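Student: Quick one: the structure is below, and I'll ask about it shortly.
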Amino acid sequence: MTTIGGKKREKIDRLAELAARDEERGVSLWQDAFRRLRRNPAAIIGAVILTIFVLVALIGPFLVPYGPTDTMGIREGLIKPGVIPGSSSEHWFGYDHQGRDVFSRMIVGARQTLLVGVVATLIGLAVGVLIGGVAGAAAGLGGRWGRWVDSTLMRFIDMLLALPSLLLAVSIAALLGPSLTTVMIAVGMVSVPVFARLLRGSMIAQSNSDYVLAATSLGVRKSKIAVAHVLPNSLAPVIVQATLTLATAIIEAAALSFLGLGNPDSATPEWGVMLADAQQYLGIRPELAIYPAVAIIITALGFTLLGESMREALDPKLRK
Amino acid sequence: MALLDVEDLSVTFARRGQRTVRAVDGVSFSVNAGEVVGLVGESGCGKSVTSLAIMGLLPKQPGLQVSGKAVFDGTDLLQIDDRSRRDIRGRDVAMIFQDPLSSLNPVVPIGLQVTEVLTRHRGMRGEAAAKEAAQLLDRVGIPDPKRRLKEYPHQLSGGMRQRALIAMAVACQPRLLIADEPTTALDVTIQAQILELLKDLVQDSGTALVMITHDLGVVAGMCDTINVLYGGRVVETARRRPLFRQPRHPYTVGLLGSVPRLDAGRGERLNPIPGSVRDLLPWPDGCAFAPRCDRRVDACIGEPPELVLTHDGRSYRCVNPAPLPGLTPGDEVRTAVPGPATPGSVPAQAVPDEPPAVPGLAAAPSEEETP
């Protein structure tokens, strides 16, 4: 099989070795992006926030000082009309209107919040990638028929996009009846158009690239090109968007809970529900609203910081 | 019979509200098995569109019209259905592109991209495919092929990427290889290596090669037969040696004359062809090159010049071709273009009826052309 003359081969080998020397470190695209991510302070801050958040959500409920549904304040007669005791050394964040320990409820609520955010984003991602992927592949690689498939799917996406996101979520939640699953589905559906459009656009752009032409010129089938070549190249912006969507999903889930469309069992602590409950007592204990609000903001900020940094790290224009 | 016979190939792009562009206008040429044929011309003369049309890779859009014939081994590549075209691509006819970085998928390791072709056309899978892929990389001169298979395109140098692409193209030992400016994106030292590699592959396997380039140095070093394109038509066809010794079409003369020379004096100016490709006359109105031509005569305008076949097997499309040096030395003084401008400065008494160069041999022109 070896067909090049010995001497020439040696020469070529030597030259190639020289050319390859400074590229010794074997890194993939993702490793490369990760390296750049680590150098970005915003990414570090985001990652630290999220790590703490996830740790709290996972192991926090086992470490809380009081039961989150224990109405000890009422039992001990501390809660009277117009009086809610503030923070103390035993109860760091004080009591809520039903005499429950707010600190414990905050920590246990993190788990619900994370669960809703992640599941909602996954639902949106799955549906969006499916629709956007089919539309993108059809528009980019299919012929006349492909364009028809693409425009049909995209008109459906446009319909979803035409409604304000919160209104859409409220309608879906109202349609399915208030429950945690409803919140997840509603918030997920709201993010579907973003994922679908993003992936479709990315795939169409990639379909015009030289490597698709090269693969076509080697006789590779269209379906294989779509799945093995175009899709992996188009996913980066979608993954970044998923991180950013986690932030909005948490906010939207809180908003739905705030509107009373969340978990009907209000005893289960959830930041949005806590925020909704606190609004009646803003005159007495405004900090009851501030704790969950700040927690939601910080978590959303963590996801946003990490997402934006990932967008930068994965940007092919910045890649050498 | 030739391996590939392109006959009267025309490609037009029509867009509503825009001028119809005739990118390729009746191009004919043929490629014999084992032969290296060059398509030469400036940017925009239709070289790449010709190759894409032959491969059926032109973007399917309304307004695209391809006519003529491209007969490969008895089948007209322009007439077959998509399925058989996909079968032929990569197996019988393969193509190498200009930019090796963008022609490789950035997020897929090299190995997968090579085995993909093997799986598609030779039904190889798993271990066998990986082994064959390593052998292919080895064959095109990539050291440590086993490791390279797992690497991504951005980890390879430009030359290695082009080698990997060549490996993919020759994976099924195609009978025809089309190289569309394979060395344009590489630096000069790597260019030479890649050209050597292509030459070796072609000589060893008897693959025919269509070399598309604007680089006359590449042509001089590799091609057996050369077709010079201008404005979508072939304006001159000749074997390599006669073309460099005695270019007949003024455009070829201008192309050769515009190659910078190392032995030129310091103050000497470069010799570009005046004007640009955009200044062309539509062929029906005369010779497309006439607006830029310094041998223009009245007969150039009015109707397109016919293809003139000369007794030594070459042809040109010109009513007032450059004179053969040695026969009419006086003409050399009269023309502003420095006659046969091969940098090695061809002796004036060159024999006009020199037999065509033996393919693959004759290193002389390449030394003359690449200073």
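Student: About its Cα centre, how strong a charge dipole does region A:94-159 have in debye, to the nearest 20, once Lys and Arg get +1 and Asp and Glu get -1 at the Cβ?
Tutor: Dipole of region A:94-159, to the nearest 20 debye: 140 debye.
Student: Going by how many other Cβ atoms sit within 10 Å of their own, how do A:M274, B:M55 line up, fewest first?
Tutor: So the ranking, lowest neighbour count to highest, is B:M55, A:M274.
Student: Ordered by packing density, taken as the mean number of other Cβ atoms within 10 Å over each peptide's residues, highest first, how do B:293-301, A:242-250, A:296-304 rank?
Tutor: A:242-250, A:296-304, B:293-301
Student: Which residue, chosen from A:I84, B:H121, B:A2, occupies the Cα position most advanced towards the positive end of the dipole of the protein assembly as shown, where the dipole is computed from +1 (Lys, Arg) and -1 (Asp, Glu) charges on Cβ about the Cα centre?
Tutor: A:I84
Student: Please report A:H91, B:H214, B:H249 as a ranked list, fewest other C-beta atoms within 10 angstrom at the top and most at the bottom.
Tutor: B:H214, A:H91, B:H249
Student: Within 10 Å of each Cβ in B:110-117, how many Cβ atoms from other chains are there, averaged over the peptide?
Tutor: That average works out to 3.
Student: So, one more: From the residues B:A238, A:T71, A:P41, which one has its Cα farthest along the dipole of the protein assembly as shown in the positive direction, the dipole being from +1 and -1 charges on Cβ of Lys/Arg and Asp/Glu about the Cα centre?
Tutor: Of B:A238, A:T71, A:P41, it is A:T71.
Student: If you don't mind, another one. Just how far, in whole angstrom, is region A:124-159 from region B:83-131 if you go by their alpha carbon centroids?
Tutor: Using only Cα atoms to place each centre, the spacing works out to 27 Å.
Student: Looking at the protein assembly as shown only, what percent of DSSP beta bridges run antiparallel? Nearest 5 please. Display every interim value, and only then the final one.
Tutor: Values: 31 of 50 bridges.
That works out to approximately 60 percent antiparallel.
Student: I've got another one for you. Would you mind estimating how fast region B:59-194 diffuses translationally, via Stokes-Einstein at 10 °C and 1.306 mPa s with the Kirkwood radius over Cα pairs, in µm²/s? It would help to have the intermediate numbers written out before the result.
Tutor: Numbers: Rh = 16.0 Å.
The Stokes-Einstein estimate is 99 µm²/s.
Student: What dipole magnitude, in Debye to the nearest 20, does chain B give about its Cα centre under +1 on Lys/Arg Cβ and -1 on Asp/Glu Cβ?
Tutor: Rounded to the nearest 20 debye, it is 1060 debye.
Student: What is the extension gain from A:Y281 to A:L175, computed as 0.36 nm multiplied by their sequence separation minus the C-alpha to C-alpha distance, in nm to one decimal?
Tutor: Values: separation 106, 0.36 × 106 = 38.16 nm, distance 3.03 nm.
Full-extension gain reported as 35.1 nm.
Student: Give the separation of the Cα centroids, region B:1-30 to region A:206-262, in Å.
Tutor: Centre-to-centre (Cα) distance: 39 Å.
Student: Per-residue Cβ counts within 10 Å, from other chains only, averaged over A:205-214: what number is that?
Tutor: Per residue, the number of nearby Cβ atoms from other chains is 5 on average.
Student: If you average 1/r over all unlike Cα pairs in the protein assembly as shown and invert the result, what Kirkwood radius do you get in angstrom?
Tutor: Evaluated on the protein assembly as shown, it is 30.0 Å.
Student: For peptide B:141-152, how many partner chain Cβ atoms fall within 10 Å of a residue's Cβ, on average?
Tutor: For this peptide, the per-residue mean of nearby foreign Cβ atoms is 4.
Student: With a cut-off of at most 12 other beta carbons within 10 Å, and DSSP calling the residue loop, which trypsin sites (Lys or Arg not before Pro) in region B:202-282 qualify? Please list them.
Tutor: B:R266, B:R269
Student: What is the distance, in nm, between label points placed 7 Å from the Cα along the Cα-to-Cβ direction at A:R221 and at B:A192?
Tutor: 4.6 nm
Student: For chain A, give the magnitude of the charge dipole about the Cα centre (Cβ charges: +1 Lys/Arg, -1 Asp/Glu; no others), in debye to the nearest 20.
Tutor: Its charge dipole is roughly 1660 debye.
Student: May I pose another question? Which residue, A:V192, B:V218, A:Q206, has the largest displacement toward the positive end of the dipole of the protein assembly as shown when charges sit on each Cβ (Lys, Arg +1; Asp, Glu -1)?
Tutor: Working it through, the farthest residue towards the positive pole turns out to be A:V192.
Student: Same structure, new question: Within a Cβ distance under 13 Å of A:A228, other residues only, what is the Lys/Arg minus Asp/Glu net charge?
Tutor: +3
Student: Report the dimensions of chain A along its three principal axes from the alpha-carbon atoms, largest first, rounded to Å.
Tutor: Cα spread of chain A along its principal axes, largest to smallest: 95, 48, 28 Å.
No lab work stands behind these numbers, since they all come straight from the coordinates. Predicted model only: the values in this text are computed from it and were never measured. Here Cβ is always computed from backbone atoms with ideal geometry, including for glycine, and neighbour counts include all displayed protein chains.
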